[in-house]
């Protein structure tokens, strides 16, 4: 664990503590003025394929095009005065960068975002457009967190953790609360995993209210960090290989997200690059929704594993983000013969 | 006016008659078990450009990807026994074809759909997939309606009119009713126009409840049938030129839709092909929504005309359909340099 994680991960309560529900409630109250609930739409095409209702949760229509505005707003609003006085700093592969830039601008806060040189040019440009000061670092997670920590120490800025703080996990948990208001009864929820913040927060909210729900994670074959960690019963560090899913790059589960996932998540499935491509194409052509590869993994995992899952619960797939590069989407829609 | 229109357009009440509200109420009750309300999402990007809230009404996420399921279900459900006994017949450039095929299959009704040979292969294929028997006709509106009328006479099938019957207009009107439940206060509504069914039905519902709302139509420059008809104070027939907006091909307003539009619609704007392209691209990249050109005209018209409209009401744009050909979308996203 590196120092940036340490600085931010103290005092996170255990997954079974009731405090989480308070945290998620508070996060919901904080976000309400800024983020209306995202739509939950039925996919006729997926429902026909899987022979049961399949719903899509459109986090892709959030401002900045990803669920990351939930943890970004919650993290800044929880410490608004400090954020306004000192500014904030974070690091991200792209979507959290945009989300912090957007939330900070909206709330009158100055933001510095550390991104790897290899981060999608599309996402770097969007981060700048949303008002973030982008600082580039070397292409490693160590460099990303070290650069962030250096800026934090030198500037006194508030560190906003991309996936492993109480505020982040609780902010993510508001998605689970929203789902409970949108769908009756138990359901089977497929959630993309990178550091594990989204699935941890969502699982906390959903399982507390409806323990009969199933929570399934989805990762790229190229970066099976949570899958391997669960298999080994401890946090494992992977060496991710190249993947279209540029939002799912964290090589090791969070110190705080991991035990929550261990306790509450039923299974994690791995998705191939080819499946991401066909799923993105189907979501565009059948469901008229633009998603990035890191979001398509939830639907791809449902398509591949729901039939043998042993449950016939309705399915909800979280479309966690829509920031796909236009050239990539173009080639998926019309591959060169 | 041709015989197919005549056969279907008798007894339509005047636009100011109260019966329309009853018709739209009845349509809403009929559709409720089959079509949940479509989402209304805010577009941050368009709101920033136009300096006021801009909402998108996602008819593109309807089954078959277009609002046309509203009039299709209403038309068949209003005469369900006859439809089941005799089957139905209609004609369409594509989206109504798919909608009737889908509604008929859902309701256990046999459907025959007359489409021009030049209709998008993508939409023909989808119509077949939804269970419709596709009959191809020559590339003219006369041939489309004549072929339909011949089949109707020979087979006794129920004629389902694509845009100009009471059932169609009332079915379309359910969109207006839905909007009134989703947004408070007056708003400025931009609606694509082909035969005029959608804007007529929607205007009836919206203006009856909130006369302060503004209703604006949008057509392709390539087919300004309603615009010219309003200018001349009578239904004018155009000779449409080639356009990306293959859903907006009707060359003359409906006998019934025209007087409603004359009475209730504030203005109609024309949209160039270039504007359709840039709008489709922005909706994909900024709003993560896939739309066809015939839907993008509502947003394009808002972008071009809202700033000088003399009103600062919030804006609602109807994204009426999402059935864009994948190759066309691909080239819009990544044009060959």
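Bear in mind these aren't lab numbers, they're just calculated from the coordinates by the rules spelled out. Just so we're clear, the structure is a prediction, and the values are computed from it rather than from any experiment. Positions of Cβ are backbone-derived with ideal geometry, glycine not excepted, and every protein chain shown enters the neighbour counts.
General observations
- Nearest-first distances (nm) between copies at residue A:242, label 7 Å from Cα via Cβ: 3.8
- Ascending distances from the residue B:19 label point to its copies in the other chains, with the point 7 Å along the Cα-to-beta-carbon line: 6.8 nm.
- Sorted by Cβ density within 10 Å, fewest first, the residues A:275, A:150, A:237: A:237, A:150, A:275
- Estimated from helices alone, the mean residue ellipticity of the protein assembly as shown at 222 nm is -14000 deg cm²/dmol (sum of -39500 (n - 2.57) over DSSP H runs with n ≥ 4, per residue).
- Distances, shortest first, from the label point of residue A:139 to those at the same position in the other copies read 5.0 nm; the point lies 7 Å along Cα to C-beta.
- P(r) weight above 34 Å for the protein assembly as shown, C-alpha pairs, percent: 45 percent
- Averaged over B:54-65, number of beta-carbon atoms from partner chains that fall within 10 Å: 3
- Zone of residue B:263's modelled label, taken as backbone nitrogen in segment B:172-191 under 16 Å from a point 7 Å along Cα→Cβ: B:173
- Degrees separating the helix B:95-106 axis from the principal Cα axis of chain B, which is the longest one: 60 degrees
- Normalised by residue number, the volume inside the convex hull of the Cα atoms of segment B:208-337 is 127 Å³ per residue.
- Order of B:232, A:269 under a 10 Å beta carbon neighbour criterion, fewest first: B:232, A:269
- Sorted on the mean count of surrounding Cβ atoms within 10 Å across their residues, most packed first, peptides A:238-245, A:201-208, A:168-175 read A:168-175, A:201-208, A:238-245.
- Shielding value for A:323-333 is 5, the average number of Cβ atoms from other chains within 10 Å of each residue's Cβ.
- The mean sequence separation of alpha-carbon pairs under 8 Å and at least six residues apart, normalised by the residue count of chain B, gives a relative contact order of 20 percent.
- Peptide A:286-295 - average C-beta neighbours from other chains (10 Å radius): 5
- Between helix B:293-305 and chain B: long-axis angle, C-alpha atoms, 0 to 90°, nearest 10: 30 degrees
- Protection proxy ranking of B:52-58, B:290-296, B:132-138 - average other beta-carbon atoms within 10 Å, highest first: B:290-296, B:52-58, B:132-138
- Here the alpha carbons of segment B:158-221 define both size measures, Rg and Dmax, at 12.0, 40 Å.
- At 1.567 mPa s and 4 °C, Stokes D of segment B:138-294 from Kirkwood alpha-carbon radius, µm² per second: 78 µm²/s
- For segment B:69-159, relative contact order (Cα pairs under 8 Å, six or more residues apart, normalised by length) works out to 31 percent.
- The shape of chain B can be summarised by an equivalent ellipsoid whose semi-axes, obtained from the alpha carbon gyration tensor, come to 28, 22, 19 Å from longest to shortest.
- Note on the protein assembly as shown: antiparallel DSSP beta bridges, both residues inside, total approximately 15 percent of the bridges counted.
- A viscosity of 0.890 mPa s and a temperature of 25 °C, combined with the Kirkwood radius over C-alpha pairs in the Stokes-Einstein formula, give segment A:69-159 a diffusion coefficient of 195 µm²/s.
- Span from the segment A:225-278 Cα centroid across to the segment A:85-101 one, whole angstrom: 22 Å
- C-alpha long axis of helix B:273-287 to longest principal axis of chain B, angle in °: 80 degrees
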